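The values are calculated or read from the model by the stated rules, or taken from the named source; none is laboratory data. Computed from a predicted model, the values in this text were never measured in an experiment. Here the Cβ positions follow ideal geometry from the backbone for every residue, glycine too, while neighbour counts run over all protein chains shown. Surface areas here come from the heavy atoms of the whole protein model, side chains and all, with no ligands, DNA or RNA. Shrake-Rupley method; radii C 1.70, N 1.55, O 1.52, S 1.80 Å.
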Amino acid sequence: MVIFGATGDLSGRKLLPALYNLAKQRLLPAGSAVVGAAIDDLTDDSFRKRAAEKITEFSRTQPIDQRVLDSFLSACFYTKVDFGRLDDFKTLQRRLVELDTSRHVGGNRIFYCATPPPTYETIVEQVKAAAIASGDGFHRIVIEKPFGSDLKSARELTKILQRVFHEDSVFRIDHYLGKETVQNIVAFRFANSIFEPVWNTNLIDSVQITVAEEIGVEGRGAYYDRAGALRDIVQNHALQLLALVAMEPPLAFEANSVRDEKVKVLRAIRPISEQEAERSTVRGQYTKGWVLGEHVPGYREEKNVAPGSLTETFAALRLFVDNWRWANVPFYIRAGKRMPKHVTEIRIQFKLPPHITFGREATQELDPNAITLRIQPEEGISLRFGAKVPSAGLRIRSVTMDFQYMTAFLTETPEAYERLLLDCMIGDPTLFTRADEVEAAWQLIDPIEAAWRDDKPPLAMYAAGTWGPPAAAKLLSQDGREWHRP
Amino acid sequence: MAPPVSATIKPEPDVVWNRENVSMSVVLEALGDIRKKFALEEAEDAEHPHPRSCVMTLIAVASSEAEERRAQRAARTIGMLHPAQLIVIRDQPELRPGQIDAAIVTDTHRPQSAYAVQCELVVLHVRGAAGEHLAALVDPLLPSGVPTYLWWVGTPPFGRQEFTDALRVCDSLVIDSTRFEAPYRSFMELTRLGESSHHKLGVADLQWARLEPWRETVAQFFSPADRRPFMNGISEVGVDYVGEGRGNRVGASLLIGWFASALGWKLQKAAAGAGGIVAAHFAADGWRPVEVAFRSVPKEQMAQGEISAIRVAGSAKGKTFKLTVMRDPERPRRAAPDIGAGAYQVLHATGGGDDAGLELAQRKAAWHRDVLHKNEESLHHTATGDPPGERPSQPGVFVHERRGADNSLVLLTMIDIGGADTLRHVQRVEPEDEATLLLRLLANGAHDHVYTRSLLAAAELFRAI
């Protein structure tokens, strides 16, 4: 595996620790090697030293198993690569050929672009020019989101990638899909017979998807100020979650079956016209406030953010999936930074019973049934239903039945990157995004972006540490609903 | 309601973690580690860790050390009975800004036939401006999908940022109106809370829970079918509450509000006089007048605002009736050990100070003589077990409990109907500390529509006087 940008943050925090943990579980293929490729002047030894530090700091399993670490590091190598210099890529090719020979890996190569998206084209062109992705064995490329910044650029990126790699060899990584709880959405829906019969417009009132972060832009101001919440979170993570919740049962948990069904859902989402954007979307930006007991600055005061920036740090949408199963069921999505807490969850809200047998007084504290799929941080599922309050009279109150991953299984939940890297090595793209999924998502997002550029709706400010601007609450209250507090 | 379950907690909590000047992220991480450690320790080999459940979040906000101690004790007691996320916040806005000191206290409950439960209490000492943003502090600690109760242990700072902010994240507010420092102003603020808070906010008052024995006793009088017409024949209601001068008349007003809202009385006029006397004129169905009076009475070792007596009189179906419910007037009451000094005041000597006090002292003395005289037979019988002897037994005397040297509430009920012999009923109500009262309110969900309508009717009366 060649990691372009191997000295960067993603590599140090996620990729190297994930690879170490795969090694610890003896899941790395025999003879496999990691080749770091970046602009920094490092030797194999200095790269290994740096990798050891990062793994020690960021590995989910502690304490570090020194024997495993030493063994893993012995398979780590480094080649300095300036992405603009073809000669560097040719040097890299020679190093890879040597390793192919010495480690008997049969020419199988994975190229991981842990670099900013603008570098993807250059890397792919240089890989082609240096003939690194030719010859025996498989050649796969992994790229990180964002996959373009709109439909046009996403299509261009796909074309660039496909000049060298077949679509089946392009692994677009959305780390959310590698989370156990996201995969569990599919298990929950299709491995149980009791949920699927109620999973439709007949009994479901609405669906809420919340992707909230308590952090600000954390040094990514320059990138975030160009992207915003809609592109950074909604276009990928949130729509992927929606697709998994709303899709029809796939024939098998197999790459194309799952991805075919997801694409059908994304294509069935009713497009939001520029006029409709004013009624069905909310965009907000945080001002200074209090989060987790600490005073934090406003977005415009963050480093590398334009002082008068109009970039949204909060986005809320009301979507409809126009198919038989979901007719007239609103899907509310909200995503934002500097929210009160870090949480991702999907709440399936059911309709009230057609007749309240017990009268209004007895059921005044009864909420509709709800299933909450908690993706992070306390991964689990809860079911809310009514129960009689123990007393002489008859009063019904909502109670929650809870399943928590942390306490239900003895095994530790692996990091998303471990699962995704392994899937890439064995060539299973089920949990990776296909080109047509990306394009379907951009087709939905582009008109909203266009409306937002015209200030429709206007940018609404919200204090850091709150659940977004008042307009977000109004988006639901005008439908007679309210956001669930995660 | 189902009787409360008892639980005991260790007098001194196990502080398993504490740190000064921390962010909430550190607290969250520590809490996660403590839970994980417990889950793994309790799981036996080859067994899955036991599921952890949570039925509610209780956030108690204290503004003094005494309040914090009470809040911690009550929270821990509740936590032992019901798995809950417990948070006690000591708000110290006057100290240096922006600092949070945190501690995590655990109690482990090992039921005989169920898994062990570890209750964690998060104690936060919040200094400076951070206290004005309580929602930002506690929101990350709130479990999803369970109700959140905010218990403001002292007088809530109605209208202030810290209070408004805290209300954002809770489903229900619990207060104790007997502890309001400025009862009139705070009560009126309480009744206006609905205008500024989210529409689903429930409000519960510990004082309302304390009134339950009184309300039940009054309701029981009207319960037999042949007495139901009396409800539409009430012409007078009198309430005595503990206090000096105007004192804290919230409880008395809530009781009157309860009568008025349940029976459809419309307030016509009301006036307040010296010494805490209030006279109000209501119109019942058909413009039948109902006269209401309440006044403060000094009582030693009882909290301000507690009800001391209720008198209901009227006539219906050609019969007059009079119901008198009195709190044990002579028995000294021990202060609950968890209530700090000063919570119960020794009031001025009976009869001193003002006209109302003098009148009340005279009335009280007469009343006590009457009660003792009329109860002589009953008290002798229940105290000794001896047969009633030659004297004819008093008809309709029911003695459920011997009066004991405890802090329980003993209510003496006297019923006069149509000139027949007085029926007497002595009942002892089990002592209830704050945790028990809180539990009762939380069990009812803090969305008690009877309380809400009584509160609104009481507010109308408050405004009129």
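Observations
- Interface area, A with B, accessible, probe 1.4 Å, both sides summed, Å² nearest 100: 3000 Å²
- Pairwise Cα separations in the protein assembly as shown fall into 10 Å bins from 0 onward with the following percentages, short to long: 2, 10, 17, 20, 17, 13, 9, 6, 4, 2, 1, 0, 0.
- Vicinal HN-Hα couplings computed from phi for segment A:276-290 (Karplus, 6.51 cos²θ - 1.76 cosθ + 1.60; Hz; Gly/Pro x): 5, 4, 5, 8, 10, 9, 9, 10, x, 9, 7, 9, 5, x, 10
- Semi-axis lengths, Å, segment B:83-232, gyration tensor of Cα atoms, sqrt of 5 times eigenvalues: 34, 24, 14
- Other protein chain C-beta atoms within 10 Å of residue C-beta, averaged over B:143-152: 5.
- Across segment A:1-159, Cα pairs under 8 Å and at least six residues apart give a relative contact order of 26 percent.
- Percent RCO, i.e. relative contact order, over segment A:126-246, from Cα pairs under 8 Å lying at least 6 residues apart: 27 percent
- Of the peptides A:237-244, A:449-456, the order by per-residue mean of other Cβ atoms within 10 Å, starting with the highest, comes out as A:237-244, A:449-456.
- Panel note: contact residues of segment A:307-346 (accessible area lowered by at least 50 Å² against the chain on its own; 1.4 Å probe) correspond to A:341.
- Normalised size of segment B:14-170, defined as Cα radius of gyration per 2.2 N^0.38 Å with N residues, equals 1.06.
- Coupling constants for segment A:4-9 follow from the phi torsions by the Karplus curve (6.51 cos²θ - 1.76 cosθ + 1.60, θ = phi - 60°), and in residue order they are 6, x, 5, 9, x, 5 Hz; glycine and proline get x.
- For segment A:277-434, the alpha carbon convex hull comes to 249 Å³ per residue, rounded to a whole number.
- From the alpha carbon centroid of segment B:414-465 to that of segment A:428-476 is 53 Å.
- Taking amide H as placed 1.01 Å from N in the peptide plane, the amide H of residue B:89 sits under 5 Å from that of B:60, B:61, B:62, B:124, each at least 5 places away or on another chain.
- Relative contact order of segment B:14-170, taken over Cα pairs closer than 8 Å and 6 or more residues apart, is 27 percent.
- Pairs over the 30 Å Cα-Cα cut-off, from the set A:24/A:80; A:152/A:351; A:159/A:264: A:152/A:351.
- Per residue solvent-accessible surface (Å²) - segment B:14-170, probe of 1.4 Å: 40 Å²
- Separation between Cα centres of segment A:191-264 and segment A:112-139, rounded to whole Å: 30 Å
- When the P(r) is computed for chain A, the part past 37 Å accounts for 32% of the Cα-Cα pairs.
- Under 5 Å, built H, 5+ apart or other chain: amide partners of residue A:140: A:109, A:110, A:111
- Just so you know, the Rg over Rh for segment A:277-335 is 1.17, from Cα atoms, with Rh as the Kirkwood radius.
- Approximating the spin labels as points 7 Å out from Cα along Cα→Cβ, the residue A:223-to-residue A:156 distance works out to 2.0 nm.
- What the phi angles of segment B:256-269 give under the Karplus curve with 6.51, -1.76 and 1.60, with θ = phi - 60°, is a coupling list of 5, x, 5, 4, 4, 6, 6, 9, x, 6, 10, 6, 9, 7 Hz, glycine and proline written as x.
- Burial of 50 Å² or greater, segment A:281-297 residues [accessible area, probe 1.4 Å, versus chain by itself]: A:290, A:292, A:293
- Carbon plus sulfur fraction of accessible area for segment A:305-411, probe 1.4 Å, in percent: 62 percent
- Amide H contacts of residue B:148 (H built 1.01 Å from N, under 5 Å, at least 5 apart or other chain): B:57, B:171, B:172
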